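Accompanying notes for the structure given below.
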Amino acid sequence: MHQAVFKAVMTEDAPMIRRLLEAGVDTGCTNEGGQTPLELAATRGKLESLFLLLDEDGSGEVDKDELVHAPVSYTHLTLPT
């Protein structure tokens with residue numbers, strides 16, 4: 001299931017990310033590079049995936065405390081200019 005979450009993040013497959021979150025995927029898992037799905041989404045500029053992962057409870061709202069601890073500051077590295 002861990003490989004599936006990384007693939008879904010990279011392809012921004014929102015329905016798959018939601019299904020994986022509902023199934024209880026471990027969002028603290030890491031890829032070969034040591035990144036969590038959230039870190040991967042942030043560093044690759046996958047904003048839809050990023051916000052889905054930040055909204056794990058499906059409430060439609062991102063908790064400000066979660067956002068402070070998220071690696072969103074890295075998104076500037078890969079966003080188009």
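The values are calculated or read from the model by the stated rules, or taken from the named source; none is laboratory data. The structure displayed is predicted, hence computed values, not measured ones. We place every Cβ from the backbone using ideal geometry, glycine too, and count neighbours over all the protein chains shown.
Return yes or no: is Pro15 at pLDDT 90 or above, crowded, with 16+ Cβ neighbours inside 10 Å and not polar (S, T, N, Q)? Considered against the rule, which asks whether it is at pLDDT 90 or above, crowded, with 16+ Cβ neighbours inside 10 Å and not polar (S, T, N, Q), Pro15 comes out as no.
Listed by first and then second residue, the pairs with beta-carbon distance under 9 Å, at least 6 apart or on different chains, first residue in the stretch 8-22 and touching a residue at least 40 places away in the same chain (Cβ under 8 Å), second surrounded by 14 or more Cβ atoms within 10 Å (Cβ to Cβ) and assigned to a loop (DSSP other than H, G, I, E, B), are Val9/Arg44; Val9/Lys46.
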